[in-house]
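Chemist: I'd like to ask you about the structure that follows.
Nothing in this text is a laboratory measurement; each read-out follows from the coordinates by a stated rule. Since this is a predicted model, take the numbers as computed values, not measurements. Don't worry about glycine lacking a Cβ; one is built from the backbone with ideal geometry, like all the others, and counts go over all protein chains shown.
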Amino acid sequence: MSPKRNGNRAVNKTSKANGSLRKIAKSTKRPAAGKRTVSKTSKTKGLETMIAESTTPSAAADKTKHTRNIAWDQYFMGVALISAKRSKDPNTQVGACIVNSKKRIVGVGYNGMPDKGILHNDVKFPWTKEPGYQKNKHLYVCHAEMNAIINKMDADIQDCTLYTTLYPCHECSKLMIQSGIKKVVYLDIKDRDTDEDAASRFLLQMANIKIKKYQRKGNMESLIEALEKL
Ligand SMILES: [Zn+2]
């Protein structure tokens, strides 16, 4: 008798204990589950609201309030201009920026002396325009367009646009043609009647490279002016 009773008692005790454990488990689970459901619902509602708002005309109208954002041309010419400021040329600082068809920058450069394997290149080469190999910078300087092409981050720059702060010279025009550049946007041009400049225009024309003068207008103008004064 006693073992049976004990056994029954033991069973009863266990089932009671299980019952109370289940109650505890239920009481602790419910709020947690409830909380999850509430947060999930509110998140979903939030997303739905965001999606709905982004497609309504009122949201589109609100976007027009951001009048200070700049156009692509301004953005890329701005990158070319800020790159030019790295140049140590005492007379002409030029910057260039190569952009692919997805509006991604794939190369930047500025005019400077060759530097691969040359320590203190800025003082070892001359910066004057005087004749003689020890004085004439034109014999050594790498132009911004050349550096942008060499520094390219993409193996293929076919059909890219090159933004430059100065109309490309004939040497850079040759490089651009051979790299597959299809459009050039320039900021300034030196009004010179030289064979080199004529050759540059002729080269770009022969290769059907589209040439566009950057239009100085809009809210970027003040930034350009500020950068040019640096
Ligand atoms: Zn050049």
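Chemist: Which of PHE125, PHE76, PHE202 has the fewest other C-beta atoms within 10 Å, and how do the rest follow up to the most?
Modeler: Details: PHE125 18, PHE76 23, PHE202 13.
Lowest count first: PHE202, PHE125, PHE76.
Chemist: Let me ask something additional. Averaging over every viewing direction, what projected area does the convex hull of the Cα atoms of segment 120-230 cover, in nm²? Mind dumping the intermediate values first?
Modeler: Working: hull surface 36.2 nm².
Mean projected area of the Cα convex hull: 9.0 nm².
Chemist: Placing +1 at every Lys and Arg Cβ and -1 at every Asp and Glu Cβ, with all other atoms neutral, what dipole size does segment 75-119 have around its Cα centre, in debye to the nearest 20?
Modeler: Details: 7 positive and 2 negative charges, 49 e Å.
So the magnitude is around 240 debye.
Chemist: If N is the number of residues in segment 144-186, what value comes out of its Cα radius of gyration divided by 2.2 N^0.38 Å?
Modeler: Cα Rg divided by the expected 2.2 N^0.38 Å: 1.01.
Chemist: Out of all DSSP beta bridges in segment 71-230, what portion is antiparallel? Express it as a percent rounded to 5. All intermediate terms of the calculation are to be shown ahead of the outcome.
Modeler: Details: 10 of 20 bridges.
Looking only at bridges with both residues in segment 71-230, the antiparallel portion is about 50 percent.
Chemist: Starting from the coordinates of the alpha-carbon atoms of segment 60-185, obtain the Kirkwood hydrodynamic radius over all distinct pairs and give the value in Å to one decimal. Walk me through the intermediate numbers first.
Modeler: Working: mean 1/r = 0.0642 Å⁻¹.
Every distinct Cα pair counted, the radius reaches 15.6 Å.
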